[in-house]
Amino acid sequence: MFSKIDESLDEVRIPYYNPEENRIAWFLPDFVFWLAKGRQYHIVFVDPKGMAHTRTYQKLDGYRHLFEVKDQPRRIAHEGVTATVQAFCYNRDAAQSDELHRRFWVGSVPELLQKVCT
């Protein structure tokens, strides 16, 4: 399944620290994909971004703090179902990202699916 997130209706928010404002802010991804194979679920947030958005790195760090363990998606198990949450930023110039965050950038849908399915 796929959905465009509507900020006025949906409360999909990932907290992150914004040092410029010295407060917790919210990462509001634009799209969510719900993928399932058997009892394994992938919740994938995708946010189109220009490469000049420096706050994007802070948003990704907020995601990493909540949903990753040792740079891998945290596996959440409940009643025989396992889920992972992943976040990606979409930009055709994804290779221009800094080294720490490069794995979060994708430049095409096939690349996104390859990263989710591996």
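Just want the answer: with Cβ charges of +1 for Lys and Arg and -1 for Asp and Glu, which residue in Leu35, Ile14, Thr118 is farthest toward the dipole's positive end in the chain? Projecting each Cα onto the dipole axis, the largest value belongs to Thr118.
Which percent, to the nearest 5, of DSSP beta bridges fully inside the stretch 2-117 are antiparallel?
Percentage antiparallel, nearest 5: 65.
In percent, how large is the relative contact order of the chain, given Cα pairs closer than 8 Å and 6 or more residues apart? Value for the chain: 21 percent. Couplings 3J(HN,Hα) for the stretch 30-47, derived from phi with the Karplus relation 6.51 cos²θ - 1.76 cosθ + 1.60 (θ = phi - 60°), are 7, 9, 9, 10, 10, 10, 9, 9, x, 9, 9, 10, 10, 9, 10, 8, 10, 10 Hz, where x marks Gly and Pro. Quick one: net charge of Cys89's neighbours, Cβ under 9 Å, K/R +1, D/E -1? Surrounding charge for Cys89 is +1.
Think of it as helices only: each DSSP H run of n ≥ 4 in the chain is worth -39500 (n - 2.57), and spread over all residues that comes to -5500 deg cm²/dmol at 222 nm. Normalised Debye scattering of the chain at q = 0.23 Å⁻¹ gives log10 I(q)/I(0) of -1.55, counting only Cα atoms as equal scatterers and leaving out solvent.
Bear in mind that the values in this text are calculations on the coordinates, not laboratory data. Just so it is clear, the model here is predicted, and its values are computed rather than measured. Cβ sites come from the backbone with ideal geometry, for glycine too, and all protein chains shown count toward neighbours.
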